[in-house]
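Below: one structure, written as structure tokens.
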Amino acid sequence: MEIILTDYRRCVGCHTCELACAISKSKSQTLMEAILEEPKPASRVRVVAVETHPIPMQCPQCEDAPCAAVCPTKALYRLTPEHPVFSERAVCIGCSSCVLVCPFGAIRRAPGGIMAKCDLCMTRLEQGQQPACVEACPTNARQLATADRVAERKLRKMALVIGQHEFGEEKRSEPPEKAVLQVVA
């Protein structure tokens, strides 16, 4: 399954991802018409300020999604393990059970009383496009990636940190056996 990654160092807090998301979920799909729609289209991504740092947040698409498990009408569901959790507007009764169990605060009541959450813009993905928030980000802070790609990136980053720690200039003067013993001990 794919997930949306954010390089928080690149995010400038412009909220373009929020706007693009809301427009992509609007009836008209255009900014000028979306602002006049009732109910107003709701963004599924929110930029939250943490001290002075903007942090874009959206549903991380939990493997064992508690929101889908608790939904009494099954308005939240996943087609296959590779799909995100979808929200069926016509079935949602607005009970907020999903909001209560979501550990990320990623679901919210949208105008009109139904619950709204990120579905990775699945319709756009099926058309060969990126999610609206990813495509719109002016600093390329957001990108779509597979979980395997994320794991590989983290593995390489950790290997680099260990390599710099173990084989940096100050360590080169030690015999290799001593460095290995220090790691094992």
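Bear in mind these aren't lab numbers, they're just calculated from the coordinates by the rules spelled out. On a predicted model such as this, the values are computed, not experimentally measured, just so you know. Reconstructed Cβ throughout: ideal geometry from the backbone, glycine too, with neighbour counts over all protein chains shown.
Results, tabulated for the structure shown:
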quantity: The chain shape via C-alpha gyration tensor axes, a/c threshold 1.5; calculated: prolate
quantity: Computed over the stretch 61-102: relative contact order in percent, which uses C-alpha pairs under 8 Å that are six or more apart; calculated: 43 percent
quantity: Reciprocal of mean inverse Cα separation for the stretch 76-123 (Kirkwood radius, Å); calculated: 11.3 Å
quantity: Tensor-based shape of the stretch 61-102 (alpha-carbon gyration tensor, a/c under 1.5 rounded, otherwise prolate or oblate); calculated: oblate
quantity: Length-normalised contact order of the chain in % [C-alpha pairs under 8 Å, at least 6 apart]; calculated: 25 percent
quantity: Efficiency of FRET between E82 and E51 - r from beta-carbon atoms, R0 35 angstrom, step 0.05; calculated: 0.45
quantity: Whole-Å distance, taken between Cα centres, linking the stretch 88-121 and the stretch 42-73; calculated: 10 Å
quantity: Most mobile listed residue (I35, I162, I23) in the chain, GNM with C-alpha springs under 10 Å; calculated: I162
quantity: Cys with no candidate disulfide partner in the chain (beta-carbon separation under 4.7 Å rule); calculated: C11, C14, C21, C62, C71, C92, C95, C102, C121, C137
quantity: Violating pairs (Cα-Cα greater than 32 angstrom) within the set K27/K74; K40/K157; K40/K74; K74/K157; calculated: K40/K157; K74/K157
quantity: For the chain, calculated [θ]222 nm from helices alone, where every DSSP H run of n ≥ 4 adds -39500 (n - 2.57); calculated: -9000 deg cm²/dmol
